[in-house]
Amino acid sequence: MSPRDRLRIAVQKSGRLSDSSQDLLARCGLKFRRSRDKLFCFGESLPVDLLLVRDDDVPGMIADGVCDLGIVGRNVLAEQVLGAGGEAGYRELRSLGFGQCRLALAMPQEIDYTGPAQLAGQRIATTYPHLLSDWLRRSGITAKVVTLSGSVEIAPRLGTADVICDLVSSGATLAANQLKEVATVLESEAVLAGSLNLPGDERGDLVEMLLRRIDGVIQVRVSKLIMLHAPRSALGAIANILPGGQQPIVMPIEGQDGEVAFQAVCNGAITWQHLEDMKRAGARQLLVLPVEQMLA
Ligand code: PRP
Ligand code: ZN
């Protein structure tokens, strides 16, 4: 493979993760010359190009050095690691806080589920044979794993399986197919994966920079700036009510003895309950603002 001076990131072309993945990269300041139908998008703002691929292809592309980074579900990484006998050609660099889902077992709604023992001897359809087999082994259950390449949810109706093991996010797909979730095999979300050895040249610096920006983007999602006025004596009580991570700034208010303006960045949701509790503790003129960007 010839040396490249540009970084390549692979993301899902279309599916559950594609919009959020591209949104994350956009928030990191990456702009691409759009070519929606094509595999390759040229990076205009930085020497970072985008590859639009099937999510299942991402781990292999990283391992083969076709791309340096990829955004993919932890479930896909875990399946491929097990398939490769525990040897991965990539590592998880960050969990990204979107694309939450679980790999779960589901069966027809009309069947009573009594527990894992009921799965013994059943045919279970999945596109995740390694994760499923591993779970069955750990649970001491002997069942028949039916490996499919897609459309797992219709297998029970077609009679090719009794049970399915598939990703569940909202649960809408299961409901639409009259299936119910009965056990969780793996909790998953989108992660940023990268090659084991990141490039030692400028591209390595680019990766470092992207990681810092991603951390900033993840951070601001849950961060809020709160501003309020209060008697100085009430500050302790008010700070105790706020969610963690605050580094407050306290300023005297001209002409109002004992009164201060307080502002802090909070890492965590601020609820109406928080505001009402702070008001009771003496706070006035409470203002909660979203945080747009953050660089530690
Ligand atoms: C998964 C899974 C279901 C759907 C479940 O597909 O195979 O079809 O999501 O989501 P729901 O519970 O919200 O209905 P995914 O988008 O990961 O695509 P893929 O399996 O083709 O990669
Ligand atoms: Zn997939």
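The values are calculated or read from the model by the stated rules, or taken from the named source; none is laboratory data. The structure displayed is predicted, hence computed values, not measured ones. Glycine also receives a Cβ, built like all others from the backbone with ideal geometry; neighbour counts cover every protein chain displayed. Quick note on the areas: whole protein, heavy atoms, side chains included, nothing else; ligands and nucleic acids left out. Shrake-Rupley method; radii C 1.70, N 1.55, O 1.52, S 1.80 Å.
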Protein-only accessible surface order, largest first, of 223, 149, 35, 95 at 1.4 Å: 149, 95, 35, 223
Relative contact order %, the chain, counting alpha carbon pairs below 8 Å whose residues are six or more apart: 18 percent
Accessible surface ranking that places the most exposed of 114, 184 first, with a 1.4 angstrom probe: 114, 184
For the chain: accessible area per residue (Å², 1.4 Å): 52 Å²
C-alpha center-to-center spacing [the stretch 73-109, the stretch 1-55] in angstrom: 21 Å
Under 19 Å from residue 180, Cα to Cα: aspartates and glutamates that are on another chain or at least 8 residues apart: 110, 112, 153, 162, 166
Contour minus Cα-Cα distance for residue 109 and residue 291 (0.36 nm per residue): 61.1 nm
Where labels lie 7 Å past Cα in the beta-carbon direction, separation of residue 269 and residue 95 in nm: 1.8 nm
Rounded to the nearest 20 debye, dipole of the chain from Cβ charges on Lys, Arg, Asp, Glu: 260 debye
FRET efficiency for residue 202 and residue 18, using Cβ-Cβ distance with R0 set to 30 Å, rounded to 0.05: 0.60
Reach of residue 13 by Cα under 15 Å, taken over aspartates and glutamates that are not fewer than 8 positions away in the same chain: 23, 37, 49, 55, 56, 57
Accessible surface, 1.4 Å probe, highest first, among residues 221, 212: 212, 221
Linear extension gain, residue 187 paired with residue 84, 0.36 nm per residue minus alpha-carbon span: 35.0 nm
Descending Cα extents along the principal axes, the chain, whole Å: 79, 57, 32
The chain, accessible surface, carbon-and-sulfur percent (1.4 angstrom probe): 51 percent
Solvent-accessible surface (1.4 angstrom probe) belonging to residue 251, in square angstrom, nearest 10: 80 Å²
Kirkwood Rh, Cα atoms: Rg over Rh of the stretch 222-290: 0.94
Whole-number Å³ per residue for the convex hull built on Cα positions in the stretch 97-185: 97 Å³
Inter-part distance where the stretch 225-296 and the stretch 157-186 are each reduced to a Cα centre, Å: 46 Å
